[in-house]
1. Scan segment 174-197 for residues that are under 17 Å from residue 138 (Cα atoms) and either touching a helix residue (DSSP H, G or I) at 6+ places or on another chain (Cβ under 8 Å) or at pLDDT below 95 (or both) and report the count.
2. Regarding residue 24, is this residue touching a helix residue (DSSP H, G or I) at 6+ places or on another chain (Cβ under 7 Å), surrounded by fewer than 18 Cβ atoms within 10 Å (Cβ to Cβ) and outside any loop (DSSP other than H, G, I, E, B)?
3. Any idea which residue in segment 22-37 is nearest to residue 67 (Cα to Cα), counting only those that are more than 14 Å from the chain's Cα centre (by Cα) and in contact (Cβ under 8 Å) with a residue 24 or more places away in the chain?
4. Filter segment 98-110 for residues that are assigned to a loop (DSSP other than H, G, I, E, B) and surrounded by fewer than 20 Cβ atoms within 10 Å (Cβ to Cβ) and give the result.
5. All but one of (1) in contact with a helix residue (DSSP H, G or I) (Cβ under 8 Å, 6 or more places away or on another chain); (2) buried (at least 22 other Cβ atoms within 10 Å of the Cβ); (3) closer than 23 Å to residue 17 by Cβ hold for residue 58; which doesn't?
6. Quick check on my filter: what residues within segment 60-88 are in a strand (DSSP E or B) and at pLDDT below 95?
7. If I ask for residues that are more than 17 Å from residue 111 (Cβ to Cβ) and not in a loop (DSSP other than H, G, I, E, B), which ones from segment 33-59 would you list?
């Protein structure tokens, strides 16, 4: 690709936040609040343009959390177009991980094809916080079905079901609980909303 063609391609990429600093700060606060209160939906600031199949909340989280030191793994639904990878590199300089176990963050637009959870980075005893964070796009949330969530940040247990998530994910998540504080943090996005499932949250039928 010629320099002129490359420049034209970069110019065609969707923009980042309209108010870079303020929107990123607002998004970070909402993301931290979601992690502190698992299972409770939060709404994120709007992103002016969305690359590929990204939902607004997913795009906002990537712009807020990713940088040069955070490899990002993209599932086939995100990776095939190539636009998300270019957008991430341009706006945040984030490298694209070739395999799930190499990633600090993973973006999953097709939950049915989500790799087994233990294929992602789980951290290690010295640095458990190095476990990956998965951003999983779903259709919506239902609070009248799904597993029972309990643990830190929840005054009382609650039920929540991210729609479109394969049932096997719950069994895989329960299997990782014995490894705590190692594990994964999951963030489900639906439109401009997100719900967090940190590794400290317990799941029951």
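1. Residues flagged as under 17 Å from residue 138 (Cα atoms) and either touching a helix residue (DSSP H, G or I) at 6+ places or on another chain (Cβ under 8 Å) or at pLDDT below 95 (or both) within segment 174-197 amount to 12.
2. yes
3. 24
4. 98, 99, 110
5. For residue 58, the failing item is (1).
6. Of everything in segment 60-88, nothing turns out to be in a strand (DSSP E or B) and at pLDDT below 95.
7. Passing the criteria: 33, 34, 35, 36, 42, 43, 56, 59.
The values are calculated or read from the model by the stated rules, or taken from the named source; none is laboratory data. Model, not experiment: these values are computed from the prediction. A quick note on method: Cβ atoms are made from the backbone with ideal geometry, for glycine too, and the neighbour counts reach across all protein chains shown.
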